[in-house]
Amino acid sequence: MNTNPLFAVWQSYQASKNAFEIAKAANKHPDRENLFVKANDLRLLSISDAKKAFEQGKKESEELFVVSLWATFERFVRTYLQEKGKKLQEISPTSLASSIYPYFEKEVEFWKAEDILDLLKSTLAPRADLIGQAKQILQYRNWIAHGKNANKIPPQVTPVYAFDILNEIVDLMLLN
């Protein structure tokens, strides 16, 4: 609980980003025969089609890394709250404490992410503005995870932006 779990996702993102760059460079190579094959019928993609496929794949990958960063962040926060909530076990009488903490531990799993972010505002002072930015990341994550409704497009979020904001929040939480 005292380490930042976002770095593993960040390293995967960096590796994926590098892989797309390598594939993009390989697509420009004149001897690329059999490198880029359509999976369904084994025909080679044209250079133009391969370029489009790379760009679409890169875009989809970046969206999924934002989702992964959020999921990792949210699990960290819920676990953090459950750990901090263990103080509830010190309530007197102990018979009350023994029923309150398990209830709290279970219920934290069902709290809305927006409500959890609001709870964190006071612990992040003077950087409470991070909560508004985290809510934008959550909106983007929800948009991706729920099918990209064209009528409700949120502000766009990059993996770099998501990592920077969520990483700063985690670092501040780890200080407490």
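The values are calculated or read from the model by the stated rules, or taken from the named source; none is laboratory data. All of these numbers come straight from a predicted model, not from anything done at the bench. In this analysis, Cβ positions are derived from the backbone assuming ideal geometry, glycine residues included, and neighbour counts consider all displayed protein chains. The accessibility values were calculated without ligands, DNA or RNA, using every heavy atom of the protein model including side chains. Shrake-Rupley method; radii C 1.70, N 1.55, O 1.52, S 1.80 Å.
When the label point is put 7 Å from the Cα of Lys24 along its Cα-to-beta-carbon vector, which residues of the stretch 119-147 have a backbone N closer than 18 Å?
Zone members listed by number: none at all.
Round to the nearest 10 and give me the degree value, 0 to 90, for the angle of helix 6-27's Cα axis relative to the longest principal axis of the chain.
Rounded to the nearest ten degrees, it is 10.
At a 1.4 Å probe radius, which order do Trp111, Trp70, Trp143 fall into by accessible area, largest first?
Trp111, Trp143, Trp70
At a threshold of 8 angstrom on Cα-Cα distance, excluding pairs fewer than six apart, so keeping six or more, what relative contact order does the stretch 5-175 reach in percent?
Reported relative contact order: 25 percent.
Scan the stretch 94-130 for GluC sites (Glu not before Pro) in coil per DSSP, keeping those whose Cβ has at most 15 other Cβ atoms within 10 Å, and list them by number.
Filter output for the stretch 94-130: Glu109.
Obtain the nm distance between the two label points defined at Arg127 and Glu60 by a simple spin-label model: each point lies 7 Å from its Cα along the Cα-to-C-beta direction.
3.4 nm
Take the Cβ-Cβ distance between Lys106 and Asp164 as r, set R0 to 41 Å, and report the resulting FRET efficiency rounded to the nearest 0.05.
Here the calculated transfer efficiency is 0.80.
Taking a probe of 1.4 angstrom, what is the accessible area of Phe110 in Å², to the nearest 10?
Here the residue's solvent-accessible area equals roughly 150 Å².
Could you put Arg78, Arg141 in order of accessible surface area, largest first, with the 1.4 Å probe and the full protein assembly present?
Per-residue accessible area, sorted high to low, gives Arg141, Arg78.
Per DSSP H run of at least 4 residues, take -39500 (n - 2.57); add these up for the chain, divide by its residues and hand me the 222 nm value, nearest 500 deg cm²/dmol.
Helix contribution divided over all residues of the chain: -23000 deg cm²/dmol.
Considering only protein heavy atoms, what per residue accessible area in square angstrom results for the stretch 5-175 with a 1.4 angstrom probe?
That works out to 60 Å² for each residue.
To test your reading of the geometry: what angle, between 0 and 90 degrees and rounded to tens, separates the Cα axis of helix 47-84 from the longest principal axis of the chain?
Roughly 10 degrees, rounded to the nearest 10.
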